[in-house]
1. Among Ala23, Ala3, Ala10, Ala47, which is modelled with pLDDT under 95, of a type in the set (Gly, Ala, Ser), more than 21 Å from Gln178 (Cβ to Cβ) and surrounded by 16 or more Cβ atoms within 10 Å (Cβ to Cβ)?
2. Please count how many residues of the stretch 121-180 are in contact with a Phe, Trp or Tyr (Cβ under 6 Å, 6 or more places away or on another chain) and in a strand (DSSP E or B).
3. Considering only residues that are of a type in the set (A, V, I, L, M), part of a loop (DSSP other than H, G, I, E, B) and crowded, with 16+ Cβ neighbours inside 10 Å, which ones fall in the stretch 210-258?
4. I'm checking my understanding of the structure. Among residues of the stretch 79-113 that are among the polar types (S, T, N, Q) and open to solvent by less than 30 Å² (accessible area, probe 1.4 Å), which one is farthest from Val132 (Cα to Cα)?
5. So which residues in the stretch 125-144 are hydroxyl-bearing (Ser, Thr, Tyr) and closer than 16 Å to Pro106 by Cα, if there are any at all?
6. Filter the stretch 315-350 for residues that are assigned to a helix (DSSP H, G or I), open to solvent by less than 40 Å² (accessible area, probe 1.4 Å) and of a type outside the set (Val, Ile, Thr) and give the result.
7. With the requirement that a residue be open to solvent by less than 10 Å² (accessible area, probe 1.4 Å) and within 13 Å of Gly36 (Cβ to Cβ), what does the stretch 155-189 give you?
8. For the stretch 258-277, which residues satisfy the criterion of being modelled with pLDDT under 95 and farther than 21 Å from Ala323 by Cα?
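The values are calculated or read from the model by the stated rules, or taken from the named source; none is laboratory data. Please read all numbers here as calculations on a predicted model, not as lab measurements. Here the Cβ positions follow ideal geometry from the backbone for every residue, glycine too, while neighbour counts run over all protein chains shown. To get the accessible areas, we keep the full protein, side chains included, count just its heavy atoms, and leave off ligands, DNA and RNA. Shrake-Rupley method; radii C 1.70, N 1.55, O 1.52, S 1.80 Å.
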Amino acid sequence: MAAFEHSSDAEQDSPGEGRLRHAPADHPTLPRAKVGVVLVNLGTPDATDYWSMRRYLGEFLSDRRVVDYSRWLWQPLLQLVILARRPFISGAAYRSIWNQELDESPLLTITREQTARVAERLEAAYGDRVEVDFCMRYGNPSTDSVLRRLQARGCERILFFPLYPQYGSPTTATANDQAFRTLMRLKWQPAIRTVPAYYRHPAYLEALSASVREAYEAAESTPEVLVASYHGVPKRYLDDGDPYYCHCRQTTRLLQERLAMPDEAIETTFQSKFGPEEWVGPATVERVAELAREGRKHIAVISPAFSADCVETLEEIQQEIRAAFLEAGGETFTYVPCLNAREDHVDALEAIARQELSGWL
């Protein structure tokens, strides 16, 4: 696939050829003009050892979009306290879900597969005029390296596609920020478009609702409640105008409408709280325990904010949150996997990309 190959002489214009047909003989060769598409996910450590986890967590938790406390207060706490012990805890969580065969995180495995599938679709439609690749906001492959590689291959226009259905400043915005930082350092900047929140896109909603139907059909009994669990954010983000909380609530409502569920059969919760301040809620781990104590014996949990299964779903939901439900008296816990590289999800990603590429290809 074009996304994972190096430029060849056949893809270059020399003086007297193509767009360089009027250039002087000593003009450097240039790659043929193309359009790049970059799928972007949160990130992954390179390994689960202490130093790999420390590098990853240090980059992640130093991002002002993620933790916006005063650097004078936050950095000493982060460097001297949190990063002294947190890599051990996070490393253990990652080891419990690590792809041992490829020696990488499931998020990296799945994002690579999504990219390959989308690349096949777009290259079938547009031929060698398009290059498709992926990057991570934190860790590797880095945003900077991928954007520079695409530019070197002739991508003068790039569609930057954060794989976050709901917009959030600690997700979509920070991914875009990193792309813009690379552009600030380039002599020849490609034109760039960023894909907006797509939680309302019909193809995404169809894939999401289909995943729930399939999970319910495969279950031995019908779950009494579907818990839509989203990654949480501090409540002040909502107060400051971040639309993420509202997008999550709207996603649940749209999913409920697609599935024709009554109000009592679906709930919105938030997970992964970090730090002492108030976060949006209710908290998933607390709410599933309450559901069990209320007499609900079978629940299902889905994570509509994640495009690929990762440590927050495979470890936090499938292990910690599952345990909270069962220990409180629940009996059956059904996890609805992320959309990953499902055919209908690839359909949705292709449709969104083609929509946003309008006028370029």
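1. Being modelled with pLDDT under 95, of a type in the set (Gly, Ala, Ser), more than 21 Å from Gln178 (Cβ to Cβ) and surrounded by 16 or more Cβ atoms within 10 Å (Cβ to Cβ) holds for just one of Ala23, Ala3, Ala10, Ala47, which is Ala23.
2. 3
3. Within the stretch 210-258, just Val233 meets the criteria.
4. Applying the first criterion (among the polar types (S, T, N, Q)) to the stretch 79-113 yields 79, 90, 96, 99-100, 105, 109, 111.
Applying the additional criterion that residues be open to solvent by less than 30 Å² (accessible area, probe 1.4 Å) yields 90, 105, 111.
On the way: Ser90: 31, Ser105: 21, Thr111: 12 Å.
This residue is Ser90.
5. Within the stretch 125-144, the subset hydroxyl-bearing (Ser, Thr, Tyr) is 126, 138, 142-143.
Hit for the stretch 125-144 is Tyr138, nothing else.
6. Answer for the stretch 315-350, where residues must be assigned to a helix (DSSP H, G or I), open to solvent by less than 40 Å² (accessible area, probe 1.4 Å) and of a type outside the set (Val, Ile, Thr): Glu315, Glu316, Ala323, Ala324, Phe325, Asp344, His345, Ala348, Leu349, Glu350.
7. Within the stretch 155-189, Cys155, Ile158, Leu159, Phe160, Phe161, Ala179, Thr182 qualify.
8. Within the stretch 258-277, Gly275, Pro276, Glu277 meet the criteria.
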